[in-house]
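Any read-out appearing in this document is the output of simple, stated calculations on the displayed coordinates, not a laboratory observation. Keep in mind the model is a prediction, meaning the values are calculated, not measured. Quick reminder, even Gly has a Cβ in these numbers, built from the backbone with ideal geometry, and neighbours come from all protein chains shown.
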Amino acid sequence: MVYQIATNRILIGIISYAVFIISASTHEYSHARSAYKLGDQTAYRLGRLTLNPMAHIDILGSVILPIMAAFTGIPVIGWMKAVPVNPYNFKNPEKGQAIVSFAGPFANLIIASIAFIIMKALTINVNGAPFIYNIVQSNLVTSHPIFLNMISIGIAFLWMFYLINIMLMFFNLLPFPPLDGGWILRYLLPFEGKKKYDAIYPYGFLILYGLLFLGVLRTMLGFIQRYSVGFLGDSLSILFMI
């Protein structure tokens, strides 16, 4: 059943897009929350301190590209509107900017880790069989097939929450502007390095689009996807046999 869902391009596309919106909104909320905690209320005043996706959606990065990716089989990636931050409201502007930048990818790591732990827990061997098999073979599920459908869809969501958040984390940690990794890199650079960073900052999106156009970004995300699958070990194949 899970395999059938995973091979249904329309259904997995819908699940992937829903997971992306939830995950990316959490990413932006984490930026806003960390900035607020550090003393900057800019995002709060502009209504960005919320998990509501409508406050964060960017037409190109949150709608067009992710939908194209979700329904064409390439790794789902995109972005939301950048959370406005005034680092001069922080006690240490550069350090505060780096912390706020790190908060988004860290939120994605937390979501991916939770999904990973749940998937691993579902495949723990109990009485000679994976735990999920015991659930599927219970009287409640066998007598009410709708529960099997719900379990299968739930597993598909878990898989997408794991995979998409891993990719969002690595994508946003790329060390060039305007991504989060760029701001973290800037904090770590010496003074001369910061000057060079600031000089290339206006061209950050051109670099990003260049990597996308040349296929470098897709290759990198494909590698991350394959590694993420391998990191799950046998758990994914067990779950897909449900």
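Some notes on this structure:
- Of K91/K196; K95/K120; K91/K194, those spanning more than 31 Å from alpha-carbon to alpha-carbon: K95/K120
- Förster radius 30 Å - calculated FRET efficiency between K37 and F191, Cβ distance, rounded to 0.05: 0.60
- In summary, the helical segments of the chain meeting the span-like criteria, namely a full DSSP H run, a Cα extent along the axis of 18 angstrom or more and a mean Kyte-Doolittle hydropathy of at least -0.5, are 9-37, 93-122, 145-172, 216-231.
- Gained length - A82 relative to I124, 0.36 nm times residue gap less alpha-carbon distance: 11.1 nm
- An ellipsoid equivalent to segment 2-240, defined through the eigenvalues of its Cα gyration tensor, has semi-axes of 37, 19, 17 Å when rounded to whole angstrom and sorted largest first.
- This model, with +1 at the C-beta of Lys and Arg and -1 at the C-beta of Asp and Glu, gives the chain a dipole about its Cα centre of some 360 debye.
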